[in-house]
Amino acid sequence: MDDTIKKITQSIYTELKHYHSESVYQRAFGLELQGRPILHSQEVNLNIKYQGLIVGFCRLDIVIYDNNKQIILEFKAINKLTSKEKDQMLKYLNHSATAKSGYLINFGNKQKYEIIKFEKDNQNNIIQTIL
């Protein structure tokens with residue numbers, strides 16, 4: 001999936017550059033996914049539970065369904081990713097029972113897009129990799 005995510009991101013960044021809001025990039029990414037045999041949903045609610053009860057939710061930009069695994073895509077349009085944005089993805093993965101990985105994709109940098117992959121290992125530790 002890494003190569004597909006990178007190719008789509010590159011295509012969108014090449015055409016749209018860094019000028020737009022997160023929602024523009026999210027919709028463009030959704031259009032790219034529709035043109036491929038990739039099952040996905042946009043604007044997916046992720047329940048937040050406390051003591052087994054739902055106490056709130058987060059809204060995920062895009063979820064890809066790949067071989068019974070869920071992959072979260074989170075889009076940003078800021079100059080540089082910070083720990084705040086990374087912590088947001090960590091929160092999503094920690095609250096999701098079914099997502100094993102996520103991609104934080106930033107289109108806001110004037111020089112180049114950024115992609116950070118977050119992946120749970122066998123002990124549910126989350127490893128970050130810059131793509």
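Observations on the model:
- Using the Cα coordinates of segment 1-42, the gyration tensor eigenvalues translate into equivalent-ellipsoid semi-axes of 17, 13, 8 Å, sorted from longest to shortest.
- Accessible area per residue in Å² at 1.4 Å probe, computed on the chain: 59 Å²
- Protein heavy-atom surface of the chain, 1.4 angstrom probe: 47% of the accessible area is carbon and sulfur, with nucleic acids and ligands not counted.
The values are calculated or read from the model by the stated rules, or taken from the named source; none is laboratory data. Keep in mind the model is a prediction, meaning the values are calculated, not measured. Please note that ligands, DNA and RNA were not included when accessible areas were found on the heavy atoms of the full protein model with its side chains. Shrake-Rupley method; radii C 1.70, N 1.55, O 1.52, S 1.80 Å.
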